[in-house]
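Before I ask anything, let me first share the structure, which is written out below as structure tokens.
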Amino acid sequence: DALQVACFDTAFHRGHPRTAEVYALPQGVTSSGVRRYGFHGLSYEYIAEALRDLDPDLAAGEVVVAHLGSGASLCAMRNGNSVDSTMGFTALDGLPMSTRTGQLDPGVVLHLLREGRSIDDVERMFYKESGLLGLSGETGDMRKLLQSDSTDAAFAVEYFCYRVAREIGALAVSLDGLDGVVFTAGIGENQPLIRANVAARLRSLGAIVEPGANDAGDIRFDAAESRIKLLAIPTNEELMLARHAARFL
């Protein structure tokens, strides 16, 4: 008999321009609901609110938030509103994740099906056997990968950081500029090596890390000469759920 309150993880992204929302598919397919929804919206909404308290000027500007956990995505925000995201129709799209593929040529799906694999087998591969686990052949846990001596584990880490930085660059185009990058979620909050690796790949955008602040887990860890701000802010999706439920009630 308890009242149920549903908070959709896609809702935060509903203000996207149409160019960031549709696929180049026949209009009938698009109108049936096949489009880019985006996910991790509760996390991004929390970060947007937290950033307004921490740095109002940055919150009003162009920011990419990197939700890096076992599920990973990026969100481009302008004035605290989502304008683009790396996840699409499902939570498979975008960045490589613990066991999920991330962005993939749809031709790969057709190829695997033509090889005779079942839809269930392909689905299991994409959701449960790919990503960091598939690349390393060991684990999808970033903590264990960073401790491993395996060259495949090291490659999985490098691939992850490369893809994160590459997509941050793409979202900087969506924003027509970049004032800051916020790292959050399990990897983003707790792995300074990953933050440093990603930020080093953003040198062309003006990112320079202050190593001491990054290693100490400070909220701000950009160097004085950095042209963009770098932050690590813990997310709190549960609190966001509670706030929405309270507003509803």
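Here are L239, L171, L175: which of them is in contact (Cβ under 8 Å) with a residue 40 or more places away in the chain, surrounded by fewer than 14 Cβ atoms within 10 Å (Cβ to Cβ) and not acidic (D, E)?
L239
Just to be sure I understand the filter: pairs with C-beta atoms under 8 Å, separated by 6 or more residues or on different chains, first member in segment 9-21 and more than 15 Å from R78 (Cβ to Cβ), second member of a type in the set (S, T, Y) and open to solvent by 30 Å² or more (accessible area, probe 1.4 Å). Which pairs pass?
Sorted first by the residue in segment 9-21, then by its partner, the pairs are T10/Y37.
Is it true that some residue in segment 184-193 is at pLDDT 95 or above, surrounded by fewer than 17 Cβ atoms within 10 Å (Cβ to Cβ), of a type outside the set (F, W, Y) and over 16 Å from the mean Cα position of the chain (by Cα)?
Yes, there is a match, as at least one residue in segment 184-193 is at pLDDT 95 or above, surrounded by fewer than 17 Cβ atoms within 10 Å (Cβ to Cβ), of a type outside the set (F, W, Y) and over 16 Å from the mean Cα position of the chain (by Cα).
With respect to the numbered conditions (1) touching a strand residue (DSSP E or B) at 6+ places or on another chain (Cβ under 6 Å); (2) more than 22 Å from C75 (Cβ to Cβ); (3) among the β-branched types (V, I, T), which one is the sole condition not fulfilled by I168?
Here I168 clears every test but (2).
Sticking with this structure for a sec: Kindly indicate whether R143 is under 19 Å from the mean Cα position of the chain (by Cα) and more than 25 Å from S85 (Cα to Cα).
For R143, the condition - under 19 Å from the mean Cα position of the chain (by Cα) and more than 25 Å from S85 (Cα to Cα) - is met.
Among (1) open to solvent by 40 Å² or more (accessible area, probe 1.4 Å); (2) out of contact with any Leu (no Cβ under 9 Å at 6 or more places or on another chain); (3) at pLDDT 95 or above, where does G15 come up short?
(3)
Could you tell me which residue of segment 211-226 is least open to solvent (accessible area, probe 1.4 Å), considering only residues that are part of a loop (DSSP other than H, G, I, E, B) and more than 21 Å from I47 (Cβ to Cβ)?
A223
I've got another one for you. Taking the conditions exactly as written (over 30 Å from F221 (Cβ atoms), of a type in the set (D, E, K, R), exposed (fewer than 14 other Cβ atoms within 10 Å of the Cβ) and out of contact with any strand residue (DSSP E or B) (no Cβ under 7 Å at 6 or more places or on another chain)), does D149 satisfy them or not?
no
The values are calculated or read from the model by the stated rules, or taken from the named source; none is laboratory data. In this text the structure is predicted, and so the values were computed from the model without any measurement. We place every Cβ from the backbone using ideal geometry, glycine too, and count neighbours over all the protein chains shown. The protein model used for the area step is the full one, side chains on, heavy atoms only, and it has no ligands, DNA or RNA in it. Shrake-Rupley method; radii C 1.70, N 1.55, O 1.52, S 1.80 Å.
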